[in-house]
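First, the structure itself, so that you have it in front of you.
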Amino acid sequence: MNDNSKEYVKSILDSLSKLDHIKPEDFPNIDLYMDQVTTFMDTQLASSKRYPEDKILTKTMINNYAKNKLLPPPDKKRYSKEHLLMLIFIYYFKNILSISDIQTLMTPITEKYFQSESDHDLTYIYEEVFHMEKSSIFALQKDVLKSYQTSEDTFPDADPEEREFLHRFSFICRLAFDVYARKMIIESLIDDLAKDQTKKDPPADKKNKKK
């Protein structure tokens, strides 16, 4: 591995080490209006932007989430900490899942844990999940490094002037296939959740016939 490659790998691993989530203590103790919500999310998740001008969330996005029943309606136009937690989950899911899949995944969470009066509320769910994700960063770094090292061994007979590009292309292909395979697994799991929900909630016409 030459010096350029080492620097390139270091930059990738450094970017992964900076992955973080909004800590529970960083959430405001008061409900927020829409403009305050978008400002809070944009500030707290700025490190996840690809470009500085990118927006984490917009008013239109939030209104669409509410329209599609991904997000419970605000109380008198004010959003609680639990609304913010829901928006964070949606923000990460929307990069790989359809609105329909997110709805299937988040509906049970909303029904059971949103504004729950027990200790097992939405904050509890959030803390458990993101603690798990944080502990996975080291394993992810090792996996990415292994993929990079494997890609460096490809195209041994290529023109030296083209080899660096082909190695980079191979590396991207390996990562892309990994994302594709994981996405297929996620979609399969969500399909199973959808089937379970259908069993628990029979169609409306069947409910009416029972009455």
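Over region 25-91, what relative contact order in percent results from Cα pairs under 8 Å that are six or more residues apart? Mind showing how you got there, number by number?
Values: 49 pairs, mean separation 28.1, N = 67.
For region 25-91, the relative contact order is 42 percent.
Over the chain, what relative contact order in percent results from Cα pairs under 8 Å that are six or more residues apart?
Numbers: 127 pairs, mean separation 40.7, N = 211.
Relative contact order for the chain comes out at 19 percent.
Distance between Cα centroids, region 103-126 to region 128-186: provide it in whole Å.
34 Å
Once amide H atoms are placed 1.01 Å from N in the peptide plane, what residues at a sequence separation of 5 or more from residue 71, or on another chain, have their amide H within under 5 Å of its amide H?
HN-HN under 5 Å from residue 71: 66.
How long are the three semi-axes of the equivalent ellipsoid for region 100-151, computed from the Cα gyration tensor as the root of 5 times each eigenvalue, in whole Å, largest first? Show your work: numbers first, answer last.
Values: eigenvalues 224, 46, 4 Å².
Rounded to whole Å, the semi-axes are 33, 15, 4.
Oh, and also: Report ³J(HN,Hα) in whole Hz for each residue of region 90-96, in order, from the Karplus equation J = 6.51 cos²θ - 1.76 cosθ + 1.60 where θ = phi - 60°; Gly and Pro get x.
4, 4, 6, 5, 5, 6, 10
Moving to a separate point now. Under a crude label model (7 Å from the Cα following the beta-carbon direction), how far is residue 98 from residue 200 in nanometres?
Distance between label points: 2.2 nm.
Compute the distribution of all C-alpha to C-alpha distances in region 68-140, in bins of 10 Å from 0, and list the percent of pairs in each, rounded to whole numbers.
Calculated over all Cα pairs of region 68-140, the distribution is 17, 48, 29, 5, 0 percent.
Kindly write out, for region 150-164 in residue order, the coupling ³J(HN,Hα) from the Karplus curve 6.51 cos²θ - 1.76 cosθ + 1.60 (θ = phi - 60°), rounded to whole Hz, with x marking Gly and Pro.
After applying 6.51 cos²θ - 1.76 cosθ + 1.60, I find 5, 5, 5, 8, 7, 6, x, 9, 6, 4, x, 6, 9, 4, 4 Hz.
Now a separate question. Mind ordering 161-171, 175-185, 74-84, 112-122 by average Cβ neighbours within 10 Å, highest first?
Working: 161-171: 14.7, 175-185: 11.1, 74-84: 16.3, 112-122: 13.2.
Result, highest mean Cβ count within 10 Å first: 74-84, 161-171, 112-122, 175-185.
In region 119-199, what percent of the accessible surface is made up of carbon and sulfur (1.4 Å probe, ligands and nucleic acids excluded)?
On the way: 3510 of 5950 Å².
Whole-percent figure for carbon plus sulfur exposure: 59.
Of (i) 68, 41, 30; (ii) 55, 40, 36; (iii) 74, 42, 32, which one was derived for Cα extents along the principal axes in Å from the structure shown?
Looking at Cα extents along the principal axes in Å for this model, the match is (iii).
Relative to the longest principal axis of the C-alpha atoms of the chain, give the angle of the C-alpha long axis of helix 3-17, reported between 0 and 90° and rounded to the nearest 10°.
Once rounded, one gets 10 degrees.
Further, regarding this structure: Using 1/(1 + (r/R0)^6) with R0 = 22 angstrom and r between the beta carbons of residue 115 and residue 192, what's the FRET efficiency to the nearest 0.05? Display every interim value, and only then the final one.
Details: r = 27 Å, r/R0 = 1.23.
Between residue 115 and residue 192 the formula returns 0.20.
Can you work out the accessible area per residue across the chain, with the rest of the protein chains kept in place, probe 1.4 Å, in square angstrom?
Numbers: 14610 Å² over 211 residues.
Counting only protein heavy atoms, the per-residue value for the chain is 69 Å².
Given a 1.4 Å probe and the protein chains all in place, what does the accessible area of residue 27 round to, in Å² to the nearest 10?
Roll a 1.4 Å probe over it and residue 27 shows about 10 Å².
If each residue of separation counts as 0.36 nm, what is the full-extension length gain between residue 59 and residue 184 once their alpha-carbon separation is subtracted?
41.9 nm
The values are calculated or read from the model by the stated rules, or taken from the named source; none is laboratory data. As the structure is a computational prediction, the values presented were derived from the model and not from experiment. Methodologically, a virtual Cβ is constructed for each residue, glycine included, from the backbone with ideal geometry; neighbour enumeration extends over all protein chains shown. Protein only, heavy atoms only, side chains kept; ligands, DNA and RNA dropped before computing areas. Shrake-Rupley method; radii C 1.70, N 1.55, O 1.52, S 1.80 Å.
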